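Beneath this line is the structure, given in structure tokens, with notes to follow.
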Amino acid sequence: MHPTPFPHLREGNSRIALVEQGRAIGYGELNGRIDRFASGLLGTRQDLEEERIAFFLPASLDYVTVMHGVWRAGAISVPLNVASALAELDHYLSCARVTRLVASAENHPLLRDLCDRLGIELLEVSGLLADEIAPLPAIAPERRAMMVFTSGTTNKPKGVVTTHANIAAQITTLLDAWAWSEDDAIPLFLPLHHVHGIINVLSCALWAGAKVDLFPKFDAGRIAAEAAAGAYSVFMAVPTIYVKMLQYLDGLEPAEARRIGDGFEAMRLNVSGSAACPVPLFEQWKARTGQVLLERYGMTEIGMAISNPYHGERRAGYVGQPLPGVQVMLAGEDGAAITEEGVPGEIHIKGANVFLEYWDNPKATQESFVDGWFRTGDMAVVENGYYRIMGRTSIDIIKSGGYKLSALEIEGVLLDHPGIAEIAVIGVADDVWGEAVGAVIVAREGTDLTPEALKEWCEGKLSAYKIPKRIRFTQALPRNAMGKVTKPDLKPLLLAG
Ligand code: MCA
Ligand code: AMP
């Protein structure tokens, strides 16, 4: 019996599982390393019984070893954002009540004080690879497997807990819907503390027995070169990355750009998600590469829920239909199900894919469900059989570069600044990022605030992408129909109040 519901990474699969900086790692080697790591984690224990083990690692052999090793030892994986500021890490580690943190030696100096203060053991993968493989516990599918932090409208990010069964459901529906096979190869450059990178790319590929090319970070030039060389069959990214790829191609000689475009055209699938794919972007990508983007809709709490078809029409500006096994209901303001087309409602979701709970937060968990349906906070409408996402019910959620950010969390941090009397953080429409983080600030009298000084002050408190890029004192900014402030020409400028 497999110790976890996740297949034993295709024992007997002689194919390549991972490519890390040009080095190919086979499924056999990976499997053995995971078992050794799980054994090292267990030590003298037989089952880690949902102990929380965090890891601060980029996409790497070590990351995969820890994620699966933690699962096999019966603990909960808590993957951390490697771009987090220390104050953010402090929140994740204390909220999850993490006992052990795995990071590469070069990051130990950065994390040492925090771990000491929180009583967390700071470890390296190499120190936990046991020589002998211990008997691994059999893990029931309903046990907790992973905790991923997500921003909500409330102040601090919440830990979304999924079980082994949730993860299995989220993966297997995509394997079928998008026709994954062991012949596939995919680049992985998305951050690995979010479901998009963890489930859609890494876990689907490993479950299928396919090949994953690991990038420590997004690198348009290298991705383009590999795509042109025919290295990949599947490509998955957020809209901002498609914008950045197009910008990169625009800067090349036409013949070179065409060669890369042909490389993308030869792939069997290009997927976009995590944020709305604007119709012009869909069209530009098609013109450049011949690829008709498959747009889908998902969320940390539910994995993927709605997808355009793999076979059949992929409609620009729409996310398609519910995935097999996922129940979708649009709820009107009175909570009743909307049955006719053209009437907007909030997306509610049911299915084996839906998460178990927000960690240590029964109130938030309870409030996010109604009659067993998970309330996503996203509005949608069905038109000619296809769902169209209309936006969030709360303007306090900003989606920037595919990252979900809480305006209130950013306001909370900035309000500690002695020169800020009042602040409103808002999403500002942006061609590259979808939305950029904007802040409207009322300064305390006599203070001399500049965007640069504020940015510097935020270091260590907020990840770089949460730092307001556009700061301005003003009375009123125009809003669009969705309630979003849309003033594209706002400059990083601070005017006297
Ligand atoms: C980075 N920068 C930004 C943003 N991000 N500026 C404004 N808005 C942003 N969102 C700035 C940095 O501060 C820096 O500025 C400069 O851009 C370069 O930063 P860097 O991090 O190097 O940018 P990048 O490497 O070009 O990264 C862009 C990226 C990244 C690759 C698009 O944001 C990314 O990987 N996004 C994907 C997020 C994701 O996977 N989300 C999935 C969650 P300066 O130079 O001034 O410091 S959603 C999900 O999982 C659900 C389930 C779903 O549906 O998928
Ligand atoms: P996260 O909570 O970080 O997992 O992000 C999930 C959110 O991203 C959803 O609740 C939506 O608001 C948004 N989202 C994901 N996919 C799409 C899409 N294709 N179009 C519009 N919004 C999307």
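Just so it is clear, none of the values below were taken in a lab; they were calculated from the coordinates. Not measured: the values here are computed from a predicted model. All Cβ positions, even for glycine, are placed from backbone atoms using ideal geometry, and neighbour counts span all protein chains on display.
Let me know the charge dipole size of the chain about its Cα centre in debye, to the nearest 20, where only the beta-carbon of Lys, Arg (+1) and Asp, Glu (-1) is charged.
I would put it at about 380 debye.
First select every other residue whose beta carbon is under 12 angstrom from the beta carbon of Ile133; then total the charges, Lys and Arg +1, Asp and Glu -1.
Details: positive: Arg33, Arg36, Arg72; negative: Asp35, Asp131, Glu132.
Around Ile133, the surrounding residues sum to 0.
What distance in nm separates the simple spin-label points at Ala453 and Thr339, each placed 7 Å from Cα in the Cβ direction?
Each label point is offset 7 Å from its Cα along the Cβ direction, giving 6.3 nm.
Around Thr154, under 11 Å between beta carbons, what's the net of Lys plus Arg minus Asp minus Glu among the other residues?
Values: positive: Lys156, Lys158, Lys363; negative: Glu367, Asp396, Glu409.
Residues near Thr154 contribute 0 overall.
Would you work out which of Leu111, Ala96, Ala168 lies farthest towards the positive end of the dipole of segment 93-192, given +1 charges on the beta-carbon of Lys and Arg and -1 on that of Asp and Glu, about the Cα centre?
The one lying farthest along the dipole's positive direction is Ala96.
Roughly speaking, what is the centre-to-centre gap between segment 61-99 and segment 345-394 when only Cα atoms are used, to the nearest Å?
26
For Ala364 and Ala255, what does the FRET efficiency come to when R0 = 60 Å and r is the distance between their Cβ atoms, rounded to the nearest 0.05? Numbers along the way, then the final one.
Numbers: r = 54 Å, r/R0 = 0.90.
The calculated FRET efficiency here is 0.65.
Out of segment 55-145, which GluC sites (Glu not before Pro) are coil in DSSP terms and have no more than 16 other C-beta atoms within 10 Å? Kindly include the intermediate steps, with their values, before the conclusion.
Details: sites: Glu88, Glu106, Glu121, Glu124, Glu132, Glu142; in loops: Glu124, Glu132, Glu142.
Taking segment 55-145 and a limit of 16 other Cβ atoms within 10 Å, the loop GluC sites (Glu not before Pro) found are Glu124, Glu132, Glu142.
Determine the shape class of segment 337-395: with a ≥ b ≥ c the square roots of the Cα gyration tensor eigenvalues, call it rounded for a/c under 1.5, and otherwise prolate if a/b is greater than b/c, oblate otherwise. Mind dumping the intermediate values first?
Numbers: a/c = 2.65, a/b = 1.97, b/c = 1.34.
Prolate shape, in that a/c is at least 1.5 and a/b is the bigger ratio.
Please list, ordered by chain and number, the residues whose modelled amide H lies under 5 Å from the amide H of Leu269; skip anything fewer than 5 residues away on the same chain.
Residues meeting the criterion, in which the H sits 1.01 Å from N, are Phe235.
Points 7 angstrom from Cα along the Cβ direction at Asp90 and Leu175: gap in nanometres?
Reported label-point gap for Asp90 and Leu175 is 4.3 nm.
For segment 113-126, what does the Karplus curve 6.51 cos²θ - 1.76 cosθ + 1.60, with θ = phi - 60°, yield as ³J(HN,Hα) per residue in whole Hz, taken in order and with x for Gly and Pro?
Running phi through 6.51 cos²θ - 1.76 cosθ + 1.60 with θ = phi - 60° gives 4, 4, 5, 4, 5, 8, x, 9, 7, 9, 10, 10, 4, 4 Hz.
Looking at the square roots a ≥ b ≥ c of the eigenvalues of the Cα gyration tensor of segment 1-118, which shape do they give, rounded for a/c under 1.5, prolate if a/b is larger than b/c, or oblate? Please report the intermediate quantities before stating the final value.
Working: a/c = 2.42, a/b = 1.44, b/c = 1.68.
Here segment 1-118 falls in the oblate category.
Compute the FRET efficiency between Val442 and Asp131 as 1/(1 + (r/R0)^6), taking r as their Cβ-Cβ distance and R0 = 51 Å, and round to the nearest 0.05.
Values: r = 62 Å, r/R0 = 1.22.
With R0 = 51 Å, the Cβ-Cβ based efficiency is 0.25.
For a Förster distance of 45 Å, can you work out the FRET efficiency between the beta-carbons of Glu49 and Asp371, rounded to the nearest 0.05? Before the final figure, lay out each step's value.
Working: r = 32 Å, r/R0 = 0.72.
E(calc), rounded to 0.05, equals 0.90.
Enumerate the residues in segment 218-258 having an amide nitrogen under 16 Å from the point lying 7 Å beyond the Cα of Ala266 toward its Cβ.
Backbone N within reach: 223-235, 256-258.
So what's the Cα pair-distance distribution over segment 301-432, bin width 10 Å, in %?
Histogram of Cα-Cα distances, whole percents per bin: 11, 33, 34, 16, 5, 1.
Could you give each residue of segment 238-249 its phi-based ³J(HN,Hα) in whole Hz, using Karplus coefficients 6.51, -1.76, 1.60 with θ = phi - 60°, and x for Gly or Pro?
My calculation for segment 238-249 gives 8, x, 4, 6, 5, 4, 5, 5, 5, 4, 5, 5 Hz in order.
In nm, what is the difference between 0.36 nm times the number of residues separating Asn107 and Lys156 and their Cα-Cα distance? Provide the component values of the computation, followed by the final result.
Working: separation 49, 0.36 × 49 = 17.64 nm, distance 2.44 nm.
Once the chain is fully extended between Asn107 and Lys156, it gains 15.2 nm.
Take the residue pairs Lys286/Lys404; Lys158/Lys211; Lys363/Lys404; Lys217/Lys461; Lys217/Lys469 and return only those whose Cα atoms are more than 30 Å apart. Could the numbers behind the result be given before it?
Numbers: Lys286/Lys404 27 Å; Lys158/Lys211 32 Å; Lys363/Lys404 21 Å; Lys217/Lys461 22 Å; Lys217/Lys469 22 Å.
Table pairs above 30 Å Cα-Cα are Lys158/Lys211.
Take the Cα atoms of the chain, build their convex hull, and give its volume per residue in Å³. Walk me through the numbers before you get to the answer.
On the way: hull volume 76.9 nm³, N = 497.
Value for the chain: 155 Å³ per residue.
Please report the net charge: other residues with Cβ closer than 11 Å to the Cβ of Ala231, K and R +1, D and E -1. Each step should come with its number before you reach the end.
Numbers: positive: Lys211, Arg222; negative: Asp213, Glu226.
Computed value for this residue: 0.
Quick one: divide the alpha-carbon radius of gyration of segment 154-265 by 2.2 N^0.38 Å and tell me what you get.
Values: Rg = 15.8 Å, N = 112, 2.2 N^0.38 = 13.2 Å.
Relative to the 2.2 N^0.38 Å estimate, segment 154-265 comes out at 1.20.
Could you tell me the center-to-center distance, by alpha carbons, between segment 105-137 and segment 397-446 in angstrom?
About 35 Å separates the Cα centre of segment 105-137 from the one of segment 397-446.
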